[in-house]
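Notes follow once the structure below has been shown.
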Amino acid sequence: MKRNERVSMKHGAGGRAMRDLIERVFIAGAKAIPGVVGLAEMDDGAAIPMGDGFLVVTTDSHVVVPRFFPGGDIGRLAICGTVNDLAMMGATEPLALTCAAIIEEGFPFEELERIQRSMRQACDEAGCSVLTGDTKVMGKGEIDGVVLNTTGVAFTRTLVRDNGMKAGDRIIVTGPIADHGFAVLVARNDLKLEGDLRSDVAPLNELVRMILKRGGVTAMKDPTRGGVSSAIHEMASKSGVGVVLDEQAIPLRDEVRAAAEVLGIDPLHVANEGKALLGVRADAVDAVLDALRSHPLGREAAVIGTCTQSHPGRIRLHTGVGERLLAEPDGEPLPRIC
Amino acid sequence: MDKQLAQLKFRDPARARALGEALNRVTQEIGRDPISVMHVCGSHEQAIARYGLRATFPRTLNVIMGPGCPVCITDVPEVDEGVALALAGVRVATYGDMLKVPGTKRSLADARADGGRIDIVYSIAQAVDLARDTDEEIVFFATGFETTAVATAAEILRGLPKNLSILSAHKYIPPVMEIVSEMPGSRVEGFLAAGHAATITGSAVFEPFAARHKLPVVVAGFEPLDILAGLLALLEQIRDRKHDVQNLFPRCVNREGNLVAQDKLWRVFEPQGGRWRGIAHIPNGNLRLREEFANVDARKRFKIDIKSLWEDAPSQLTQHCICGDIMSGIAAPKDCPLFGKACIPDSPVGACMVSSEGTCRIWHQYGGVPDLREEQR
């Protein structure tokens, strides 16, 4: 460890630096329990064997600037983030959510109520409720507005991990990518871009429930911070396979394509909050796509790549006019300067 | 697909394949190994790396990135001047890419950490706005090739606020092509010239160079097909032993260039010899303010003491940095022991990892090994 090393923003950006921090500080020395998917697995949640299935637990803290953005707000994000982490483990029927709110002195009640309404709306969509919670108030300037933490608990008989892909499996994305990250980035920096950039934040549990019935899903992950690039790198390296992605097959809204071009930011590095990446056995692809496309959240699902035996852990990207390796993001994407 | 067609015109896979096949054919006709050509523009390297074009180049074609990153070739003493001004209490406005470029001992980012005031701006116009809002002295640390130099010139001619002056580190590209092609060991057989700079200078600016060095020059744009077509034209000239200047970016560039812009550029700036970081002394490679603009020249307005910054030797790490060789086109990032290990965008050792136009930064951004021909298994 370097002397005087400090945590920087990149340690929260979902890339390699964040994984290094978690491994070094939180996992090192943590006790593993046989049969339990725990910290060391760094999956979307923990899974504890119980009866003929698993109890899945996950937790997530939410801070977002601005708190309200086109397509959603911090409340909707707090519910969907946790519901989706459960769903990515195959646990699509949340038994309970908890919510802890840490609020800054002076925070307007009106805004808090608006956030609460939005959380309830998202819970209704996901078919779950917040059953217990906690509130703390901190002094002015001691915290930025409001921080929400949610924890989710669910039971599943079909545990899905992020490490089960085999050579020959296909990669499916459930819809157009990078909507959330660009919507927030543009709202945050008040960039004057035309077009409707809206966050995709949505609960995916119903969609996932439908596809799991069809079978053949070997791995799942929601490409949040760090985007598709970070998620696919993690899935590939944990599964011990390489991946070849076809860039032109990756669905992208026109508005996002244009914003990415203008800002010089790769959409593959940008966060999603209502999308999943799936590893799917080749013989199950049609059935899974069918199921996805019958649901509003999966209508634009597409096959975007294939797993290979060669170059394990590395992602080759066909650009249509050439081919390169996909880099893992290692910081917050910022608009290119010149 | 229809709505995407307009945008994809210059990224069409079928046309790219056809151009790739033609490149193969012509390199075989030439028959030498390797055939080296150079481009001198970070935006060309961006596009080549972003679209993975090197994976489609013929094995014998070596496309080298030359000194095409204006931030990277800003010389150490020039950075020192900015640092010295900032430490002396003058507000320094500059492009964000300049922040981490190493000086002798400190970068502008270090100067800021030590209490210096640095403002990040996207253009000189923003520096003008900054100056209008305050009485404090502001220095615009101006970097970039002829494209941004024209913007600086235009603002100076329009009249700067009294409290704004210019520290010019602007560079002029044509002279460095001469130096690089004359370097011992240089095997460059042709140049791909940058389309955006040529919109100002016109393609004719390269004619004396092509004639003197008997090297072909092709002006090309920045979409994948622009680059492939430019390379093909270059190789055809090499095959036919021609050394013409060809303009393959006629949708933006003509022979004469932008005469109004050139007039402004040369009214304000004069070419002077000076060092480019890591490369060499380049005769006429620096653009400095003419005498009649001394009143806005930061070098004349302030006494800049850079010697006081030279007390300590540079750190050990920088001695292993091969940025100079990379910018001269003699080496590639993969030849550097620091690349991707001790030297990453977050903590860069050399200038090539700092700037978004630097070769190392671009390679790192697009997977670190842009040439998949070396990776085939």
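How large is the charge dipole for chain A, taken about the Cα centre, if only the Cβ atoms of Lys, Arg (+1) and Asp, Glu (-1) carry charge, to the nearest 20 debye?
On the way: 38 positive and 46 negative charges, 160 e Å.
Result for chain A is approximately 760 debye, rounded to the nearest 20.
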Candidates B:Thr143, B:Thr152, B:Thr56: whichever shows maximal mean-square fluctuation once chain B is modelled as a Gaussian network with Cα springs under 10 Å: B:Thr56
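What is the Cα convex hull volume of segment A:170-325 when expressed per residue in Å³? Don't jump to the answer; show the numbers that get you there.
Values: hull volume 16.4 nm³, N = 156.
About 105 Å³ per residue, rounded to a whole number.
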For segment B:1-140, convex hull volume per residue from C-alpha positions, Å³: 162 Å³
Isotropic mean projected area of the C-alpha convex hull, segment B:178-254 (nm²): 4.9 nm²
Inter-label distance for A:Lys166 and A:Ser310, nm, one decimal - labels placed 7 Å from Cα along Cα-to-Cβ: 2.1 nm
Pairs of alpha carbons in segment A:202-279 whose separation is greater than 21 Å (percent): 35 percent
Shielding by partners, peptide B:49-60 (average Cβ within 10 angstrom, other chains): 4
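About its Cα centre, how strong a charge dipole does the protein assembly as shown have in debye, to the nearest 20, once Lys and Arg get +1 and Asp and Glu get -1 at the Cβ?
That gives the protein assembly as shown a dipole magnitude of about 1220 debye.
Taking N as the number of residues in segment A:31-156, what value does Rg over Cα atoms divided by 2.2 N^0.38 Å take? List each step's numbers first, then the result.
On the way: Rg = 15.7 Å, N = 126, 2.2 N^0.38 = 13.8 Å.
The reported ratio for this selection is 1.13.
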Rounded to 10°, Cα long-axis angle of helix B:224-239 versus longest principal axis of chain B: 70 degrees
Pairwise label distance in nanometres, B:Ser123 with B:Ala88, each label 7 Å out on the Cα-Cβ vector: 3.0 nm
Convex hull volume per residue for segment A:1-97, taking Cα atoms only, in Å³: 126 Å³
Sequence ranges A:315-322, B:84-91, ranked by mean other-Cβ count within 10 angstrom, highest first: A:315-322, B:84-91
Segment B:172-324: C-alpha gyration tensor shape, a/c 1.5 cut-off, then a/b vs b/c: oblate
Binned Cα-Cα distances of chain A, short to long, each 20 Å bin given as a whole percent: 31, 61, 8
Chain B: angle of helix B:173-182 to the longest principal axis, Cα-based, in degrees nearest 10: 60 degrees
Taking segment B:317-372 and dividing mean pair separation by its residue count, relative contact order in percent (alpha carbons under 8 Å, at least six apart): 28 percent
Fewest-first sequence of B:Lys162, A:Lys275, B:Lys105 by Cβ atoms within 10 Å of each Cβ: B:Lys162, B:Lys105, A:Lys275
Calculated [θ] (222 nm, deg cm²/dmol) that DSSP helices of n ≥ 4 give over chain B, each run adding -39,500 (n - 2.57): -11000 deg cm²/dmol
Cα-based shape type of segment B:237-301, given that a ≥ b ≥ c are square roots of the gyration tensor eigenvalues and the cut on a/c is 1.5: oblate
Förster radius 30 Å - calculated FRET efficiency between A:Arg157 and A:Lys136 (Cβ-Cβ, nearest 0.05): 0.20
Size descriptor, Kirkwood hydrodynamic radius, that averages inverse alpha-carbon separations across chain B, Å: 21.5 Å
Given charges at Cβ of Lys, Arg, Asp, Glu: chain B dipole, positive-most of B:Leu215, B:Ile330, B:Leu87: B:Leu215
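Name the shape class, rounded, prolate or oblate, that the alpha-carbon gyration tensor gives for segment B:317-372, where a ≥ b ≥ c are the square roots of its eigenvalues, rounded holds for a/c under 1.5, and otherwise prolate holds if a/b is larger than b/c and oblate otherwise.
Values: a/c = 1.38, a/b = 1.11, b/c = 1.24.
In terms of gyration-tensor shape, rounded.
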Cα-Cα over 28 Å, subset of B:Lys171/B:Lys300; B:Lys9/B:Lys171; A:Lys31/A:Lys213; A:Lys10/A:Lys192: B:Lys9/B:Lys171; A:Lys31/A:Lys213
Loop-resident sites, segment A:70-178, for trypsin sites (Lys or Arg not before Pro), counting at most 14 other Cβ within 10 Å (DSSP): A:Lys140, A:Arg157
Calculated log₁₀ intensity ratio I(q)/I(0) where the Debye formula runs over C-alpha points of segment B:123-258, q = 0.12, 0.17 Å⁻¹: -0.58, -0.89
Shielding by partners - mean other protein chain Cβ count within 10 Å, residues of B:223-235: 1
From the C-alpha gyration tensor of the protein assembly as shown, square roots of 5λ in Å: 48, 32, 23
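Pull out the extension gain between A:Asp124 and A:Glu194, defined as 0.36 nm times the separation in residues minus the alpha carbon to alpha carbon distance; nm, one decimal. Display every interim value, and only then the final one.
Values: separation 70, 0.36 × 70 = 25.20 nm, distance 3.23 nm.
Going from the current span to full extension adds 22.0 nm.
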0 to 90° range, to nearest 10: angle between helix B:76-87 axis and chain B longest Cα axis: 30 degrees
Dipole magnitude of chain B, debye to nearest 20 (Cβ charges: Lys/Arg +1, Asp/Glu -1, about Cα centre): 560 debye
Calculated FRET value between B:Arg132 and B:Arg59, using beta carbons and R₀ = 56 Å, to 0.05: 0.50
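Largest first and in whole Å, give the semi-axes of segment A:100-234's equivalent ellipsoid, each being the square root of 5 times a Cα gyration tensor eigenvalue.
Values: eigenvalues 208, 94, 43 Å².
Equivalent ellipsoid semi-axes, largest first: 32, 22, 15 Å.
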Geometric extent, Cα atoms of segment B:148-193 - Rg, Dmax (angstrom): 16.8, 49
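No value in this document is a laboratory result; all are computed from the given coordinates. What you are looking at is a predicted structure, and each value in this text was computed from that prediction instead of being measured. Quick reminder, even Gly has a Cβ in these numbers, built from the backbone with ideal geometry, and neighbours come from all protein chains shown.
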